[in-house]
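Reviewing the structure listed below.
The values are calculated or read from the model by the stated rules, or taken from the named source; none is laboratory data. Predicted model, so just to flag it, every value in this text is computed and none were measured. Cβ coordinates were reconstructed from backbone atoms using ideal geometry, including for glycine residues, and neighbour counts include every protein chain displayed. For accessibility, only protein heavy atoms count, side chains too; no ligands or nucleic acids. Shrake-Rupley method; radii C 1.70, N 1.55, O 1.52, S 1.80 Å.
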Amino acid sequence: MPVGRCPVLVERDDELTELSRLAGEAAARPVIVAVTGESGTGKSRLAQELGDSLPAPWTVARFRQTRPGAALPQAPAERPVLAVLDDAHFLDPAALEALPGWLTGPGLVLLTFRLDFHAAGSAEMRALARLAREPACRELRLGPLSPAGVDRMAAAMGAYAPPDLHERTGGNPFWAEEVLRTGARLPWTVLETIALQLEGLPPAALELARALAVAGAPVPAAAAARLVAGLDAAWAALADAGLAAGQGDIGLRHGLVGEAIAARLGPQERAAWHARVAAALEGGDDADRVAHHWAAAGDTVRAGRIARVAASRLRADGATRRAFDCFALAVRHDPDPELLEEAALTAARLGEYGRLREWVAAAERGYRAQGRADRAARMLLEPAFDYLPVRRSAAAREEPVERLLGAAQAAARDGDLDAARCRVDAALAAARERGDAMALARAARLVLFTLGEFDRGEALLDDAEALLDADAEHGRESRLLTIRGWSRFTRGHADEGLGLLRRAVAINRERTEAVVRTGEIALADATILTGDLEAGVERLLAAATALPDAQALVDMVEGYRRFEHGDIDGGLAMIVRGSDAILGAFDFDPLSRAVTAAHVLHVRLLAEVHGGRPEAARRTVERLDRLAPEPYSVMAADAAYALGRAGEPERARPRIADIARVLSAPGVLAVAEAVRGFQAAGEERARRLARAAELFEQAPRAVLAAELWCDAAAAAGPGPAATAALGHARRLCETFGLARVAARADAVAAELAGRPPRLPPELAELTPRERDVVLLAAEGLSNREIGARLYLSEGTVRNYLSTAYAKLGVTRRAELARRLAPAQVTG
């Protein structure tokens with residue numbers, strides 16, 4: 001349904017302010033303002049807004065010219081006056097030259113003048129130029145709206161602004177408003193406006209206009225010369241009519257001009273022009289453009305042949321969208337499976353999932369028809385297809401290297417690491433034999449996190465990198481960096497690991513048109529682990545929006561944010577729902593399922609154990625062991641931590657001991673110390689948990705560190721140690737925005753405040769008064785100072801100390817201080 005005109009004047013505030021200032025000058029003497037610009041830039045609307053804004057005693061007189069050669073109307077007698085000469089481009093040149101003397105006395109003469117109405121060098125344009133040089137005259141030239149201005153216009157009108165509206169209209173306010181007002185792709189008002197501008201053009205200019213309209217984008221001058229005879233004259237006529245623009249390449253001023261001209265061409269006429277444009281452009285740099293014009297002309301065979309060559313080159317150059325369009329033409333002509341695979345990879349990067357499914361299925365059929373089932377399987381396992389609707393589980397069963405890796409994974413799950421090593425070695429040999437970088441990389445991941453052979457695994461990644469083609473799919477290089485980044489992160493080199501993960505994402509961002517970027521989810525997960533919750537969550541959500549049917553991932557990510565913001569029950573429910581859906585929704589190959597399960601269940605596990613769900617956490621550990629048998633990963637270490645916190649330190653200790661034999665990362669040492677702390681009591685428990693918290697800060701793992709500082713405070717009991725531990729926890733919570741843990745720190749502090757101080761064992765046998773005297777003596781106070789503090793005589797203080805010395809087995813003050821030092825720290 002059509003909407004009304006734009007109710008506000010957009011991006012003309014500066015011009016309106018300047019006109020108001022000039023009106024102030026015109027209250028004392030005549031001032032002339034020429035408001036110039038192309039058709040539709042809002043000259044008349046600006047004049048109207050000025051007239052409506054002027055206060056009494058100003059009057060407004062409007063004169064509209066309608067025919068060329070118009071004379072000046074009779075000057076208004078009122079003073080002060082705003083005299084608006086609308087469409088002054090119709091005035092006779094002599095009338096323009098007479099304007100400085102037209103108005104006598106105070107007043108503002110405002111004329112609106114279309115610069116695209118008269119040819120350059122015409123008498124009218126010369127007269128305008130002379131007028132603009134007059135001392136009493138000012139020129140205000142109106143340009144197009146910015147993209148933001150077009151958006152503001154749409155918002156003010158309550159209309160939807162198509163994403164290409166500014167590009168099509170060139171920011172012309174009239175044309176943009178017409179599209180927004182009518183909701184039509186090409187409003188009839190615009191068609192008629194452009195038709196009027198075409199009237200009277202010489203035949204060569206009309207021919208050039210039609211050629212450029214069908215071309216759709218500017219063409220090189222050499223190509224344009226092949227399209228029409230007398231290019232210079234035709235171009236000059238179009239430019240004088242305000243329809244053309246450009247330097248070097250020749251094109252129409254706005255996209256809507258071309259649409260309006262092309263709309264008046266019949267199908268056969270349009271096809272003929274496409275053929276002429278294609279022939280004119282051949283031999284240039286835009287092979288994809290040539291292919292599309294031949295396709296529009298009906299020559300699909302010729303179009304497909306050109307498009308195939310152009311598609312691969314454009315994809316290598318990073319022009320992903322143009323490459324995709326060429327692949328769409330090429331595969332119609334030649335359904336070669338390798339071409340279809342390349343097309344599908346391009347579709348995946350753009351988020352064109354319908355074409356992705358179509359082309360992957362066609363490529364798989366083609367490979368199988370050629371007897372290359374293993375090649376079809378390798379295609380389906382491409383990193384670019386992660387989390388996309390591609391059937392991967394069957395591919396793993398049909399591909400030799402993947403079968404060996406799957407068998408190695410199964411052997412590791414059963415605890416037979418020797419068998420796992422044998423199968424990994426066989427897979428590595430097969431991958432090397434065929435020079436398959438990605439198979440080598442997938443095997444390297446098993447070597448790293450399943451076998452715990454980190455030096456060897458990273459050397460294998462070096463070998464895989466050496467096998468990569470320099471022009472290979474960027475997702476492959478990104479995948480290698482992602483695996484290496486997790487390896488470094490797991491080994492305790494957090495900054496280096498995060499740097500590698502960021503590089504993995506940055507490589508994909510070199511393809512600016514790409515939607516899906518390998519490594520985004522891994523980087524987001526690592527960011528969350530370090531404690532930067534908001535940055536990690538926002539990155540994960542951004543990655544999720546690029547994926548089809550990603551609601552499960554969104555639920556899980558938002559659930560974790562809600563959980564750490566303090567909504568424990570609501571957040572956990574979303575995490576559980578999202579993680580179950582993710583693991584059930586996608587057709588994973590075994591290795592990808594292990595990687596996904598490790599990340600997904602890891603988040604769930606920590607939420608369950610920190611949310612007070614120990615039984616659920618134990619079940620999640622068992623599920624993690626079954627789906628992701630990677631005993632030397634960050635996730636495996638955290639599973640041991642969760643078991644210790646869930647009340648099963650006897651199950652946790654051998655797990656973390658195995659990891660610690662391979663890794664000495666701060667996070668691993670922190671888990672080992674935390675598990676020992678969960679088994680201990682009293683002072684030892686507080687000391688070990690505090691040490692674990694310190695190590696987690698080094699890791700860095702802010703959430704776990706803050707949790708353990710709270711645990712250490714609770715174990716220490718009331719006193720300086722608990723106060724210090726809670727101070728550490730609160731600092732981390734404030735730095736990283738950990739609302740849930742901050743609430744726990746407050747709860748621990750409140751509980752400690754209501755608990756009587758825990759007596760150190762050294763003081764348990766002393767009477768309350770003896771204990772008071774001894775503690776002050778240990779602080780270094782003299783007998784007199786102690787007496788003054790406790791209102792006792794020096795002799796009484798000596799008696800209490802003598803009795804206490806006997807009970808404690810000491811004879812001197814220095815010995816007493818050494819004996820009580822640990823008690824004072826923890827008590």
Practice item. Bin width 10 Å, alpha-carbon pairs only: give the P(r) of region 160-201 as whole percents, running from 0 to the bin holding the largest distance. Key: 29, 52, 17, 2
Review point. For region 339-433, what is the convex hull volume of its Cα atoms per residue in Å³?
Key: 99
Check your understanding: Ranked from the most accessible area to the least, with a 1.4 Å probe and all protein chains present, what is the order of Y791, Y560?
Key -> Y791, Y560
Check your understanding: Expressed as a whole number of Å, what is the distance separating the alpha-carbon centroids of region 649-684 and region 273-327?
Key -> 62
Exercise for review: Would you work out the charge dipole size for the chain about its Cα centre, treating the Cβ of every Lys and Arg as +1 and the Cβ of every Asp and Glu as -1, and quote it to the nearest 20 debye?
Suggested key: 1660
Review point. Once phi is turned into θ = phi - 60°, what whole-Hz ³J(HN,Hα) does the Karplus curve with 6.51, -1.76 and 1.60 give for every residue of region 263-273, x standing for Gly and Pro?
Key: 5, 8, 9, x, x, 5, 5, 5, 4, 5, 5
Practice item. Take the Cα coordinates of region 133-177, assign each an equal point scatterer, and use the Debye formula without solvent to give log10 I(q)/I(0) at q = 0.21, 0.26, 0.28, 0.29 Å⁻¹. Key: -0.63, -0.86, -0.98, -1.03
**Study point:** region 495-626 - Kirkwood radius from inverse mean 1/r over Cα pairs (Å)
**Key:** 15.2
Practice item. Determine the distance separating the Cα centre of region 29-75 from the Cα centre of region 774-810; give it in Å without decimals. Key: 101
Review point. Any idea what diffusion coefficient region 604-697 gets from Stokes-Einstein, in µm²/s, Kirkwood Rh on alpha carbon pairs, 37 °C, 0.692 mPa s?
Key: 253
Review point. Gain in length, R130 to R651, computed as 0.36 nm per residue apart minus the alpha-carbon separation, to one decimal in nm?
Key: 178.1 nm
Review point. Between Rg and the Kirkwood Rh of region 685-779, both from Cα atoms, what is the Rg to Rh ratio?
Key: 1.09
Study note, to complete from the structure: Expected vector for region 581-595, Karplus 3J(HN,Hα) from phi with 6.51, -1.76, 1.60 and θ = phi - 60°, integer Hz, x for Gly and Pro, equals 5, 4, 6, x, 8, 9, 8, 7, 7, x, 5, 5, 5, 5, 4
**Study point:** MRE, 222 nm, helices only [DSSP H, n ≥ 4, -39500 (n - 2.57), over the chain, to nearest 500]
**Key:** -21000 deg cm²/dmol
Revision key, fill the gap. From the Cα centre of region 559-631 to that of region 127-179, the distance in Å is 54
Practice item. Might you report the magnitude of the Cβ-based charge dipole of region 519-666 about its Cα centre, with Lys and Arg at +1 and Asp and Glu at -1, to the nearest 20 debye? Key: 500
Revision key, fill the gap. With every protein chain in place, the accessible area of R731 for a 1.4 Å probe, in Å² rounded to the nearest 10, comes to 100
Check your understanding: Quick one: what does P(r) look like for region 240-300 with 5 Å bins over all Cα pairs, in whole %?
Key -> 4, 17, 20, 23, 23, 10, 2, 0
Exercise for review: Kindly state, to the nearest 0.05, the FRET efficiency for A814 paired with D549, given R0 = 56 Å and r defined as their beta-carbon distance.
Suggested key: 0.15
Exercise for review: In square nanometres and to one decimal, what's the mean projected area of the convex hull around the Cα atoms of region 545-621?
Suggested key: 5.0
Review point. Tally Lys and Arg at +1 and Asp and Glu at -1 over the other residues with C-beta under 13 Å from the C-beta of A628: what net charge comes out?
Key: +2
Review point. Taking amide H positions as placed 1.01 Å from N in the peptide plane, with prolines and chain starts having none, which residues 5 or more places from R62, or on another chain, fall under 5 Å of its amide H?
Key: V84
Point to revise | Surface accessible to a 1.4 Å probe, L142 within the full protein complex, Å² | key: 10
Check your understanding: Any idea how far apart R661 and D249 come out in nm if each label point goes 7 Å out from Cα toward Cβ?
Key -> 6.5
Study note, to complete from the structure: In terms of the charge dipole of the chain, which places +1 on Lys and Arg and -1 on Asp and Glu at the beta carbon, the residue among A394, A419, L206 farthest towards the positive end is A419
Check your understanding: Which of the listed residues, P68, I528, A716, is farthest toward the dipole's positive end in the chain, when Lys, Arg count +1 and Asp, Glu count -1 at the beta-carbon?
Key -> A716
**Study point:** Computed accessible area, C6, all protein chains, 1.4 angstrom probe, square angstrom
**Key:** 10
Study note, to complete from the structure: Here FRET efficiency (C-beta to C-beta, E765 to E496, R₀ 45 Å, nearest 0.05) is 0.25
Check your understanding: Which whole-number percent is the relative contact order of the chain (Cα, under 8 Å, 6+ apart)?
Key -> 6
Point to revise | Built amide H within the under 5 Å cut-off of R141, gap 5+ | key: T36
**Study point:** Descending Cα extents along the principal axes, region 87-243, whole Å
**Key:** 53, 47, 24
Study note, to complete from the structure: What the Cα atoms of region 1-102 span along the principal axes, largest first and in whole Å, is 46, 33, 20
**Study point:** Rg to Rh, two decimals, where region 85-177 supplies the alpha carbon set and Rh follows Kirkwood
**Key:** 1.11
**Study point:** Unit charges at the beta carbon, dipole of the chain: most positive-side option, A148, L329, P614
**Key:** P614
Check your understanding: At a Förster radius of 60 Å, what calculated FRET efficiency corresponds to the Cβ-Cβ distance of E622 and S782, to the nearest 0.05?
Key -> 0.40
Check your understanding: Rg/Rh for region 211-324: what does it come to with C-alpha atoms and Rh from Kirkwood?
Key -> 0.98
Review point. So what's the convex hull volume per residue for the Cα atoms of the chain, in Å³?
Key: 248
Review point. From the phi of every residue in region 353-367, what ³J(HN,Hα) in whole Hz does the Karplus formula 6.51 cos²θ - 1.76 cosθ + 1.60 yield, where θ is phi - 60° and glycine or proline is x?
Key: 6, x, 5, 4, 4, 4, 6, 4, 4, 5, 5, 4, 4, x, 4
Revision key, fill the gap. The helix 682-698 Cα axis meets the longest alpha-carbon principal axis of the chain at an angle in degrees, between 0 and 90 and rounded to 10, of 30
